[in-house]
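No value in this document is a laboratory result; all are computed from the given coordinates. Owing to the predicted nature of the structure, the values given are computational and were not obtained by experimental measurement. Neighbour counts are summed over all protein chains in view; Cβ atoms, including those assigned to glycine, are modelled from backbone coordinates with ideal geometry.
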Ligand SMILES: [Zn+2]
């Protein structure tokens, strides 16, 4: 993932009504807690007071955490709509943290639009997602967007990685690994990005060495990956996604 901006959360004095943070889920989760501690703790995020502890435990009274299991349903947003109907005391701040907005359906997005655009005084939205490309434009255009990079290396040691870089080819071994795998759609997207970066680097290398055979090979794989990127796994479809990609890259197997 390329890094677009990396604003330090505490540097924002004004809190935008709606923010969209892009990055790997666990990383964003830590960052958002750090951010909320800075905003709500009277010592600007001391990390030890009751406020800070409650934020870390997701028990703070002025924050609603929304983490849908799979794809969003309007029911997931119900706590948000219930809360936002209440007017806050002046100077009171309230936050809604929405995880995985990559998987916001159009219906849910439409239900959210008005609240995000003009939330009642004191209410703020922080939307967390893995990829900007997956976000509905109607949502994206109403948010202040920040991107947070992630470390590629974590996924280079993933057991599936070797099957897509040429170092392992056996379809039998692949099927064994994928059937035992508990890879989620989020991890799949991270792994996919790592693979794409890997092949781009190999293409560049081959081009520098003017190795035509390797250029052609990398080019073919990048094209297949780009094609596959149009249908990245949705919740529950990760294994199928990897099986299809394996077949496309190893047509004889
Ligand atoms: Zn504190």
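Structure above, values below:
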quantity	calculated
Approximate spin-label separation residue 92-residue 57, in nm, with each point projected 7 Å along Cα-to-Cβ	2.2
Share of alpha-carbon pairs per 5 Å distance bin for the chain, given as whole %	1, 5, 12, 15, 16, 13, 11, 9, 7, 5, 3, 2, 0, 0
Length-normalised contact order of the chain in % [C-alpha pairs under 8 Å, at least 6 apart]	23
Projected label distance in nm at residue 49 and residue 227, using a 7 Å step from Cα toward the beta-carbon	5.8
Prolate/oblate/rounded label for region 9-147 (Cα gyration tensor, a/c 1.5)	prolate
On Cα atoms only, tilt of 238-249 relative to the major axis of the chain in degrees	30
Helix 185-208 vs. the chain, principal-axis angle (Cα, 0 to 90°, nearest 10)	50
10 Å-binned pair-distance histogram of region 176-252 (Cα, whole percent)	18, 46, 27, 9, 0
Sorted by Cβ density within 10 Å, fewest first, the residues 99, 203	203, 99
For 190, 154, order by how many other beta-carbon atoms lie within 10 Å, fewest first	154, 190
Cα-based helix-to-principal-axis angle, 74-84 vs the chain, degrees rounded to 10	30
Relative intensity, log₁₀ I(q)/I(0), of region 96-180 from a Debye sum that treats every alpha carbon as a point, q = 0.13 Å⁻¹	-0.62
The chain: antiparallel DSSP beta bridges as a percent of all, rounded to 5	0
Whether region 148-195 is rounded, prolate or oblate, judged on the alpha carbon gyration tensor where a/c under 1.5 counts as rounded	oblate
For 74, 101, 48, 145, order by how many other beta-carbon atoms lie within 10 Å, fewest first	48, 74, 145, 101
Inter-probe distance in nm under a simple model that places probes 7 Å from Cα toward Cβ, at residue 234 and residue 149	3.3
